[in-house]
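Here is the structure we will look at.
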Amino acid sequence: MANSGQKVVLITGCSSGIGLRIAVTLARDEKKRYHVIATMRDLKKKDKLVEAAGDTYGKTLMLLPLDVCSDESVKQCINNVKDRHIDILINNAGVGLLGPVESISIEEMKRVFETNFFGVVRMIKEVMPDMKKRRSGHIVVMSSVMGLQGVVFNDVYTASKFAMEGFCESMAVQLMKFNIRLSMIEPGPVHTEFETKMMEDVAKMEYPGVDADTVRYFKDVYLPSSIDIFEAMGQTPEDIAKCTKKVIE
Ligand code: NDP
């Protein structure tokens with residue numbers, strides 16, 4: 001349970017990557033300012049987080065299950081937080097989708113929106129009433145540089161982040177009068193499983209109905225140059241966690 005004076009921070013998508021690192025960084029805060037509720041959709045994946053959290057696990061860091069795509073899971077998770085009181089919500093969970101639009105089904109596209117857009121909307125709707133009542137709170141959203149600029153072959157992922165940016169920009173104005181802050185973080189490439197998962201998906205991809213020039217450009221030009229960009233510019237999850245900590249301080 002949080003000590004008085006500690007801020008309750010709930011983070012989505014903490015099984016790996018940026019979410020895991022934000023959870024650990026905040027739980028290890030030298031002044032113990034945060035009581036971290038690290039959530040993940042499958043608690044069987046908790047080992048990496050628990051190991052990284054070390055002796056903060058069970059003290060400044062606790063775990064709860066949460067699937068941002070499920071109304072029921074979101075409600076249950078927030079109901080499990082004492083008095084439903086969350087000072088800082090960090091919407092980190094997200095999925096990528098890479099490839100020519102012709103090779104991606106509408107179902108796959110909906111899954112991206114369900115997670116990256118509606119997942120955030122669901123969380124905000126659930127925490128907002130308590131934050132409004134207390135007239136305080138901070139909502140942080142992990143967007144992407146692709147929430148600011150379209151990137152070829154990332155059409156649907158980019159669209160999901162643009163949608164979220166638009167939603168949050170509008171919400172920020174409404175929340176301001178309740179003293180609730182809404183911040184967006186827009187990282188460039190970060191070395192996480194995100195990149196690995198996307199490359200695995202691409203390896204399995206088939207291209208029926210996609211013209212040969214597009215397939216060749218995607219496989220022979222776009223993919224190698226993306227890998228080069230990741231190599232040259234990729235940040236670490238620690239970099240993004242430090243930035244997130246600054247944003248909430
Ligand atoms: P990871 O794939 O390492 O982490 C994504 C996390 O989201 C995982 O914990 C995953 O859980 C979780 N997640 C996915 N779907 C759901 C769901 N329905 N409910 C709850 N959790 C879910 O990637 P990153 O750490 O890189 O990504 C984190 C965020 O950063 C994303 O929003 C992404 O868009 C953003 N971002 C990433 C960049 C990058 O280059 N890596 C660049 C810019 C932004 P599970 O293990 O169960 O799949």
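Bear in mind these aren't lab numbers, they're just calculated from the coordinates by the rules spelled out. This structure is a prediction, so every number in the text was calculated from the model and none was measured. Positions of Cβ are generated from backbone atoms using ideal geometry, with glycine treated the same way; all protein chains shown enter the neighbour counts.
The peptide list 108-118, 88-98, put in order of mean Cβ contacts within 10 Å with the highest first, becomes 88-98, 108-118.
In plain terms, the chain from HIS191 to ASP71 could stretch by 40.2 nm, reckoned as 0.36 nm per residue minus the Cα-Cα distance. Counting 0.36 nm for each residue step from MET176 to LYS219 and taking away their Cα separation leaves a gain of 10.9 nm.
Report the local net charge at PRO65: Lys and Arg +1, Asp and Glu -1, summed over other residues whose C-beta lies under 9 Å from its C-beta. Result for the local shell: -1. Of the residues ILE227, VAL152, MET184, the one whose Cα sits farthest toward the positive end of the charge dipole of the chain, with +1 on the Cβ of Lys and Arg and -1 on the Cβ of Asp and Glu, is MET184. Residues whose amide H falls under 5 Å from that of MET184, counting only those 5 or more places apart or on a different chain, are VAL141, with hydrogens built in the peptide plane.
Note on the chain: with a GNM built from Cα contacts shorter than 10 Å, the maximum mean-square fluctuation among GLY19, GLY150, GLY209 falls on GLY209. For the chain, averaging the sequence separation of C-alpha pairs within contact (under 8 Å, six or more residues apart) and dividing by the residue count gives a relative contact order of 21 percent. A Förster distance of 22 Å, applied to the separation of the beta-carbon atoms of LYS44 and ILE229, puts the FRET efficiency at 0.10.
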